[in-house]
Amino acid sequence: MRPTDRERAKRYNDQLLAIDARTKGLPGIRDDQMREVYIEQLIESVRRIEFVRLIRDRPVHPSRADPNSPAFDPLRAAVFHIRNRNFDEAFWLVFLFVHFGKHSRDGYRLVRDIYGALGAQPWTWARITADPVAFRRWLAANENTLRTDGVSRRFGNHRKYETTNANAANGTAAVIESYVAWVLPHGGHQQMIQAASARTGQNSYELFGLLYDDMKAVHRFGRLAKFDYLTMLQKLGLASIEPGSAYLNEATGPRKGAKLIFANDTEAKLSGKRLDEMLIELDRELNVGMQVLEDSLCNWQKSPREFISFRG
């Protein structure tokens, strides 16, 4: 563990023990081993956010934004376009990053080849919005190539149930068409954010909640995908939004993790609303943010006595 992480680990350990001693409300961390593993997951989640902010602040080579390059990376491509003030393309790449994910072995090959149209004219925001149905036709024409050309292209772990079947009701084409239909009536992404902001008085928590609710219009974007998309916009500086809760009513893994820390029982009879309230109270003292709590609790409940680094 790095020196900085050791300092964090001690601070989190002291904070968690102090909170439990005062409130008797964290039975899940009283076991030394479980508390140690949770703290490791907490640090891992903090570092994931720091990593995004790091790439946001570092130089980005143009090859990172080129889908014909093996160096293509949708997040770094988004940063590249932000710096060139092509904000719609940056938002679009964040969406594609979340929809396709990063496979543990294939990396970004699937999003690279589809965004890059297999080496033809890339499916940029300008192209996709000019004729969204054209993308479906392209996908249908190239499905066989994508499946049988010997190149491994797979969705990331969080998106493993998605499909590139062009005719599937909830396939990638339908998802992309619904996303375009969500954004385009406003004129673009920034205009959409501005319109939502006018409705919430620029309160970052309320704005997040409004966008989260509105995003139900996007097919196959459930709680996790919406949460990941919106928090990534925040981390990249594309939107001044912040989750005011972990939205546990619709959650599975994070909800079990919250039950584990607050009741030492993943099947405890605690509602998502009550768990959200308890997490808000916890974060008032830990001050790590809902992204970190949501991610760390989800990963911890999968293996509460042995640290495993979960990716995807």
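Readers should treat all values here as calculations from the given coordinates under stated rules, not as data from a laboratory. From a predicted model like this one, the values you see are computed outputs, not experimental measurements. So basically every Cβ, Gly included, is an ideal-geometry build from the backbone, and we count neighbours across all protein chains shown.
What to note about this one:
- Restraint check, 216/273; 102/273; 24/216; 10/102; 10/226, Cα-Cα greater than 28 Å: 102/273; 24/216; 10/102; 10/226
- Per-residue Karplus couplings for segment 304-311, computed as 6.51 cos²θ - 1.76 cosθ + 1.60 with θ equal to phi - 60°, are listed in order as x, 10, 9, 5, 10, 7, 9, 10 Hz, Gly and Pro entered as x.
- Relative packing of 163-169, 278-284, which averages over residues the other C-beta atoms within 10 Å, highest first: 278-284, 163-169
- Counting 0.36 nm for each residue step from residue 200 to residue 14 and taking away their Cα separation leaves a gain of 63.2 nm.
- Taken over the C-alpha atoms, segment 61-235 has Rg and Dmax values of 15.7, 52 angstrom.
- Packing-based ranking of 37-50, 141-154, 203-216, 185-198 yields 37-50, 203-216, 185-198, 141-154, ordered from highest to lowest mean Cβ neighbour count within 10 Å.
- Other residues with beta-carbon under 15 Å from the beta-carbon of residue 248 carry, at +1 per Lys or Arg and -1 per Asp or Glu, a net charge of 0.
- Phi-derived couplings, Karplus 6.51 cos²θ - 1.76 cosθ + 1.60 at θ = phi - 60°, listed residue by residue for segment 13-22: 4, 5, 5, 4, 5, 5, 4, 5, 5, 7 Hz, with x used for Gly and Pro.
- Comparing Cα centroids, segment 33-56 and segment 164-217 end up 29 angstrom apart.
- A cut-off under 12 angstrom between Cβ atoms defines the neighbours of residue 208, and their net charge, with Lys, Arg +1 and Asp, Glu -1, is -3.
- 3J(HN,Hα) along segment 156-170, derived from phi through the Karplus expression 6.51 cos²θ - 1.76 cosθ + 1.60 where θ = phi - 60°, amounts to x, 4, 5, 10, 5, 9, 7, 9, 9, 4, 5, 9, 5, 4, 10 Hz, with x in place of Gly and Pro.
- Amide H to amide H distances under 5 Å link residue 163 with 172, where only residues 5 or more positions off or on other chains count and H is placed in the peptide plane.
- Count Lys and Arg as plus one, Asp and Glu as minus one, and take only other residues whose Cβ is under 10 Å from that of residue 258; the net charge is then +2.
- Estimated [θ] at 222 nm from DSSP helical runs (n ≥ 4, -39500 (n - 2.57)) normalised by residues in the chain, nearest 500: -19000 deg cm²/dmol
- Three principal axis extents of the chain based on alpha-carbon atoms, in descending order, are 61, 46, 39 Å.
- Burial order of peptide ranges 105-117, 21-33, 63-75 (average beta-carbon count within 10 Å, highest first): 105-117, 63-75, 21-33
- Segment residue 7-residue 126, length gained on full extension (0.36 nm per residue, minus Cα span): 38.1 nm
- Percentage relative contact order, the chain, counting C-alpha pairs under 8 Å, at least six apart: 21
- Degrees separating the helix 253-263 axis from the principal Cα axis of the chain, which is the longest one: 10
- P(r) tail, segment 1-135: Cα-Cα pairs separated by more than 28 Å, 41% of all pairs.
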